[in-house]
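Asker: For reference, the structure I am asking about is given below.
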Amino acid sequence: MVFVKSAGMTKFDIDQRSSYDRIYECVNESLDSGNINFDRIDAIFVSNGEPESNGERQKHVGPMMSSMFQKKIPIITVPAGCGGGGAALWNAINYQGKNSVNNILVIGFEKLVANQSEKTTDEMLMGGERIYEQAEGVIFPAQNALVAQQYMMKYNVTTDDLALVALKNHDNAYLNPKARFYGKKITLDMINKSPIVSSPLRLFDCSIPCNGAASLIISKDKTDIEIIGSGLSTSNLSSFERKDMISWNSTKKAAEIAYKQAKVSPKDIHIAEIHDAFTPVELISYEDLGFVEKGKGADLIRDGIVNLNGSLPVNTSGGLKAKGHPISATGISQIYEIVKQMRKEAGKRQVDSIKYALTQNIGGAGSIASVHILKKVM
């Protein structure tokens with residue numbers, strides 16, 4: 001059995017302090033809140049994009065961690081793009097199950113906003129297919145816009161539905177002190193009047209880049225939160241290579257594995273943190289995760305079911321859209337939010353009566369996905 005001992009997270013922002021500082025901050029929060037000494041950590045799994053544009057000149061993350069923490073233990077780096085945090089957790093869970101280790105520290109961090117946008121964008125573009133996409137400048141907003149166009153035409157989804165997703169997540173981030181948009185009120189009018197980035201996506205349909213770090217400690221020691229399902233699946237690099245570009249089989253397969261391990265169904269989930277890199281991705285994910293049948297994702301946002309006061313709150317943290325998306329830290333920050341919610345430490349965005357929770361972390365436009373299911377056991 002895998003239990004969550006504790007989690008930590010920095011504020012997601014554009015502050016230029018070093019990754020070292022952010023890692024120390026979130027790890028210290030994990031250690032303090034879990035009442036555990038670093039000497040009891042048996043292994044570390046860490047995800048980072050090792051970007052060349054951030055000015056830190058550090059591409060050997062494992063030994064860097066060894067120097068930081070003065071620990072001579074297994075330290076495994078798991079790069080998986082935007083899905084790195086979830087992939088690191090999946091690997092840590094499997095490693096723990098097959099080795100005689102008790103406590104594993106999982107970290108995701110990124111200093112993403114540190115250079116000209118052109119350089120950062122070009123580096124992120126390398127996460128796409130190199131001949132058809134990179135050569136044609138099909139950056140991720142354009143790639144997801146193509147997916148959105150197909151989805152909207154097939155299922156009569158409108159830009160009004162996308163705007164409601166953005167509004168919900170900004171409303172939630174307004175209440176989250178660690179979110180990029182904390183205390184910043186965004187209105188529906190602002191969303192609808194924002195510039196078009198790649199039709200039909202407007203500026204507020206796109207997640208916001210930022211810097212940040214998050215961590216958690218998983219343990220064999222029983223706590224009040226258990227990870228009862230962990231699934232990961234990989235798909236084609238390009239969405240147009242797939243049989244259906246508006247239903248992401250990586251999410252569906254990862255969810256199938258996680259549900260089977262957890263012995264629960266989608267209807268049992270009380271709260272979810274979903275990878276809303278772009279607003280249509282959240283709608284598609286409602287369907288791929290089984291919360292609603294295909295083509296009915298917009299009904300959940302229209303009817304308020306996924307709002308903070310709805311029957312299935314989604315992205316109470318603000319999601320990637322408004323909490324921020326520092327690539328490798330995102331998947332771990334989703335777990336952080338669920339831990340806060342399950343331990344009733346979420347403040348004004350607190351949701352009541354949570355037993356089962358789900359997190360979904362995606363890399364690329366559905367290229368890789370992990371799904372984790374957590375249970376409140378005390």
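Asker: Under the classification rounded if a/c is under 1.5, otherwise prolate if a/b is larger than b/c and oblate if not, where does the range 195-236 fall, given a ≥ b ≥ c as square roots of the Cα gyration tensor eigenvalues?
Answerer: The shape class here is prolate.
Asker: Whose amide H sits under 5 Å from the amide H of LEU175, counting only residues 5 or more places off or on another chain, with H placed in the peptide plane?
Answerer: GLY183
Asker: Select from SER30, SER100, SER47 the residue whose mean-square fluctuation is largest in a Gaussian network model of the chain (Cα-Cα springs shorter than 10 Å).
Answerer: SER100
Asker: Tally Lys and Arg at +1 and Asp and Glu at -1 over the other residues with C-beta under 10 Å from the C-beta of LEU308: what net charge comes out?
Answerer: With Lys, Arg at +1 and Asp, Glu at -1, the net is +2.
Asker: Now a separate question. With unit charges on the beta carbon (Lys/Arg positive, Asp/Glu negative), name the residue among MET65, ILE41, ALA88 whose Cα is farthest towards the positive pole of the charge dipole of the chain.
Answerer: Of the listed residues, the answer is ILE41.
Asker: In addition: At a threshold of 8 angstrom on Cα-Cα distance, excluding pairs fewer than six apart, so keeping six or more, what relative contact order does the range 1-113 reach in percent?
Answerer: RCO, the range 1-113: 34 percent.
Asker: Per-residue ellipticity at 222 nm for the chain, helices alone: DSSP H runs ≥ 4 residues times -39500 (n - 2.57), over residue total, nearest 500 deg cm²/dmol?
Answerer: Helix contribution divided over all residues of the chain: -10500 deg cm²/dmol.
Asker: Relative to the Cα centre, what is the charge dipole magnitude of the chain, using +1 at the beta carbon of each Lys and Arg, -1 at the beta carbon of each Asp and Glu, and rounding to the nearest 20 debye?
Answerer: Approximately 820 debye in magnitude.
Asker: Rounded to the nearest 20 Debye, what is the dipole magnitude of the range 248-378 about its Cα centre when Lys and Arg each give +1 and Asp and Glu each give -1 at the C-beta?
Answerer: Roughly 380 debye, rounded to the nearest 20.
Asker: When the Karplus curve 6.51 cos²θ - 1.76 cosθ + 1.60 is applied with θ = phi - 60°, which whole-Hz ³J(HN,Hα) does each residue of the range 148-155 get, with x for Gly and Pro?
Answerer: Once rounded to whole Hz, the list reads 4, 4, 5, 5, 5, 5, 6, 10.
Asker: Rg and Dmax of the range 231-378, using alpha carbons, in Å: what are they?
Answerer: 14.2, 45
Asker: Not counting the cut sites, what is the longest span of the chain without GluC sites (Glu not before Pro) that DSSP labels loop and that have at most 12 other Cβ atoms within 10 Å?
Answerer: So the longest stretch without any such site is 137-292.
Asker: A further question on this structure: ³J(HN,Hα) across the range 39-44 via Karplus (A = 6.51, B = -1.76, C = 1.60, θ = phi - 60°), whole Hz, x for Gly/Pro?
Answerer: 4, 8, 7, 9, 6, 10
Asker: Restricting to Cα atoms and excluding each atom paired with itself, what does the Kirkwood estimate give for the chain in Å?
Answerer: Hydrodynamic radius (Kirkwood, Cα pairs) of the chain is 20.3 Å.
Asker: With contacts defined as alpha carbon pairs under 8 Å and 6 or more residues apart, what's the relative contact order of the chain in percent?
Answerer: Reported relative contact order: 27 percent.
Asker: Need the C-alpha centroid separation for the range 168-239 versus the range 299-378, integer Å.
Answerer: Going from one Cα centre to the other spans 8 Å.
Asker: Where in the range 145-188 are there trypsin sites (Lys or Arg not before Pro) that are in a DSSP coil and have at most 11 other Cβ atoms within 10 angstrom of their Cβ?
Answerer: LYS184, LYS185
Asker: A follow-up question, please. Convert 25 °C to kelvin, take the viscosity as 0.890 mPa s, use the Kirkwood radius over C-alpha pairs of the range 227-317 as Rh, and evaluate the Stokes-Einstein diffusion coefficient in µm²/s, rounded to a whole number.
Answerer: Calculated translational D: 179 µm²/s.
Asker: Mean separation of Cα pairs under 8 Å and 6+ residues apart, divided by the residue count of the range 226-280: what relative contact order is that in percent?
Answerer: Relative CO of the range 226-280 lands at 41 percent.
Asker: Using a/c under 1.5 as the rounded threshold, could you call the range 305-348 rounded, prolate or oblate? The axes a ≥ b ≥ c are square roots of the C-alpha gyration tensor eigenvalues, and prolate needs a/b larger than b/c, oblate otherwise.
Answerer: Since a/c reaches 1.5 but b/c is at least a/b, the shape of the range 305-348 is classed as oblate.
Asker: Short version: ³J(HN,Hα) in whole Hz for each residue of the range 168-178, in order, from phi by Karplus 6.51 cos²θ - 1.76 cosθ + 1.60 (θ = phi - 60°), x for Gly and Pro, what are they?
Answerer: Per residue, the Karplus-derived 3J(HN,Hα) values read 4, 6, 5, 4, 6, 5, 4, 9, 10, x, 9 Hz.
Asker: Still on this structure: Any number yet on Rg/Rh for the range 68-222, C-alpha, Kirkwood?
Answerer: 1.04
Asker: Average projected area of the Cα convex hull of the range 6-102, in nm²?
Answerer: 6.6 nm²
Asker: Based on the alpha carbons, how large is the Rg to Rh ratio for the range 161-309 when Rh follows Kirkwood?
Answerer: Computed over Cα atoms, the ratio is 0.98.
We did not get these values from a lab; they are worked out from the coordinates using the rules stated. None of the values given here were measured: they were computed from a predicted structure. Glycine also receives a Cβ, built like all others from the backbone with ideal geometry; neighbour counts cover every protein chain displayed.
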